[in-house]
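Structure record follows, encoded as structure tokens.
The values are calculated or read from the model by the stated rules, or taken from the named source; none is laboratory data. This structure is a prediction, so every number in the text was calculated from the model and none was measured. Note that we place each Cβ from the backbone using ideal geometry, even for glycine, and neighbour counts take in every protein chain shown. Ligands, DNA and RNA are excluded from the accessible area calculation, which covers all protein heavy atoms including side chains. Shrake-Rupley method; radii C 1.70, N 1.55, O 1.52, S 1.80 Å.
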Amino acid sequence: MKKSCVALALAWSIGAVEAATVVKPLAYEIDGEPFEGLLVYDDAVTTARPGLVMVPNWLGVTERSAEKAARAAGEKYVVFMADMYGEAVRPSNPDEAKAAASAVRGDRPLMRKRAQAAADAFKAQTEVPIDTGRMAAIGFCFGGGSVLELARSGADLDAFISFHGNLDTPDPDDAKQIQAPVLVLHGADDPAVPPEQVEGFIAEMKATDVDWQLVSYGNAVHSFTDPYANVPGRNEYNPEVARRAFAAMNDLLDEVFATR
């Protein structure tokens, strides 16, 4: 099932010459096991930019996730898409994605370890200049939940932003370890993140002194930032809500990075 990230990077670069969007594979290891994520950035900017570690949805490292990363990066950031499954695991359908994601979600220490390893690999890379003093994490769906677990681990980043991500955690007390602002961008009608999960997250945050926000968008369900999501009432793209959510991301990042 492994798909070549090199081929993906070449296809994306060729198809987006005018936009100057570059996608490059970045290999790294976790406990001797090979992983491969993607660096995504606009090569028209040559100065060091802040870095965003991005955890994609449950399908993992894909061309569609690279498109999402490019939207997040714009001209302002360099994005590194984390590989949460390992180089040999590239889901090709929802069943394979569910199996891969469930294995990671079922082991939160492993989830945190892999997200942190991606952040470390990103900071250490020399392919593109980044401002390592200004780094944040963003995630979508499965990736949003992964980013929140990274925050709960006490990771040293400047912000943690979840787009339509899972909000549950085995040990809510871990939220007391969060070191930076948290922004949750949530679809009010998301069936994958039911009201009791939202209420649990709010209670979790209120028990801490974390700087947190939860924005609940009306008429939005799961995957509202994904142009390919087309299951009405469950997984569905909402362009207006997507625009507002990315704007909220940029507003927070402008704020936190200005103080660094």
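3J(HN,Hα) along the range 22-38, derived from phi through the Karplus expression 6.51 cos²θ - 1.76 cosθ + 1.60 where θ = phi - 60°, amounts to 10, 10, 10, x, 10, 8, 7, 10, 10, 6, x, 8, x, 10, 8, x, 10 Hz, with x in place of Gly and Pro.
Could you give the length gained by full extension between Thr259 and Ser92, i.e. 0.36 nm per residue of separation minus their alpha carbon distance, to one decimal place? Mind dumping the intermediate values first?
Working: separation 167, 0.36 × 167 = 60.12 nm, distance 4.16 nm.
Between Thr259 and Ser92, full extension yields 56.0 nm more.
Helices in the chain that qualify as membrane-span-like (whole DSSP H runs, Cα extent of at least 27 Å along the helix axis, mean Kyte-Doolittle hydropathy of -0.5 or higher) are 239-258. Residue pairs exceeding 30 angstrom between C-alpha atoms, taken from Lys76/Lys98; Lys76/Lys206; Lys24/Lys113; Lys123/Lys176; Lys68/Lys113: Lys76/Lys98; Lys76/Lys206. Scanning the chain for GluC sites (Glu not before Pro) in DSSP loops with at most 11 neighbouring Cβ atoms within 10 Å leaves 76-260 as the longest stretch between them. For the chain, the solvent-accessible area with a 1.4 angstrom probe is 43 square angstrom per residue. Stretched out straight at 0.36 nm per residue, the stretch from Glu196 to Asp173 would grow longer than its current Cα-Cα span by 6.5 nm. Summarising the strand pairing of the chain, around 35 percent of its internal DSSP beta bridges are antiparallel.
State, as an integer percentage, the relative contact order of the chain based on alpha-carbon contacts under 8 Å between residues 6 or more apart. Walk me through the numbers on the way to the answer.
Numbers: 534 pairs, mean separation 36.3, N = 260.
RCO, the chain: 14 percent.
Leaving ligands, DNA and RNA out of it, work out the accessible area of Trp58 with a 1.4 Å probe and give it in Å² to the nearest 10. Its heavy atoms expose roughly 100 Å² to the probe.
If each residue of separation counts as 0.36 nm, what is the full-extension length gain between Tyr237 and Thr126 once their alpha-carbon separation is subtracted? Spell out each step's value before the answer.
Values: separation 111, 0.36 × 111 = 39.96 nm, distance 3.52 nm.
The Tyr237-Thr126 span can extend by a further 36.4 nm.
Find the eigenvalues of the gyration tensor of the Cα atoms of the chain, then list the square roots of 5 times those eigenvalues as equivalent ellipsoid semi-axes, largest first, in whole angstrom.
On the way: eigenvalues 126, 84, 74 Å².
For the chain, the semi-axes come out at 25, 20, 19 Å.
Divide by every residue of the chain the summed helix terms, -39500 (n - 2.57) for each DSSP H run of at least 4, and state the resulting mean residue ellipticity at 222 nm, rounded to the nearest 500 deg cm²/dmol.
On the way: 7 runs with 94 residues, N = 260.
Value at 222 nm, helices only: -11500 deg cm²/dmol.
Give the carbon-plus-sulfur fraction of the accessible surface of the range 69-156 in %, rounded to a whole number; probe 1.4 Å, heavy atoms of protein chains only. Percent of accessible area from carbon and sulfur atoms in the range 69-156: 50.
Computed over the range 176-216, relative contact order equals 72 percent, with contacts defined as Cα pairs under 8 Å that lie 6+ residues apart.
Any idea what the dipole of the range 209-253 comes to, in debye rounded to 20, about its Cα centre with Lys/Arg Cβ at +1 and Asp/Glu Cβ at -1? Present the calculation step by step, with values, prior to reporting the outcome.
On the way: 3 positive and 6 negative charges, 45 e Å.
Dipole magnitude for the range 209-253 comes out near 220 debye.
Normalising the average separation of contacting C-alpha pairs (under 8 angstrom, six or more residues apart) by the number of residues puts the relative contact order of the range 134-257 at 22 percent.
Could you work out how far the C-alpha centroid of the range 21-84 sits from that of the range 205-260, in angstrom? Each part reduced to its Cα centre gives a spacing of 19 Å. On the basis of the beta-carbon distance and an R0 of 30 Å, Ala99 and Ala247 show a calculated FRET efficiency of 0.30.
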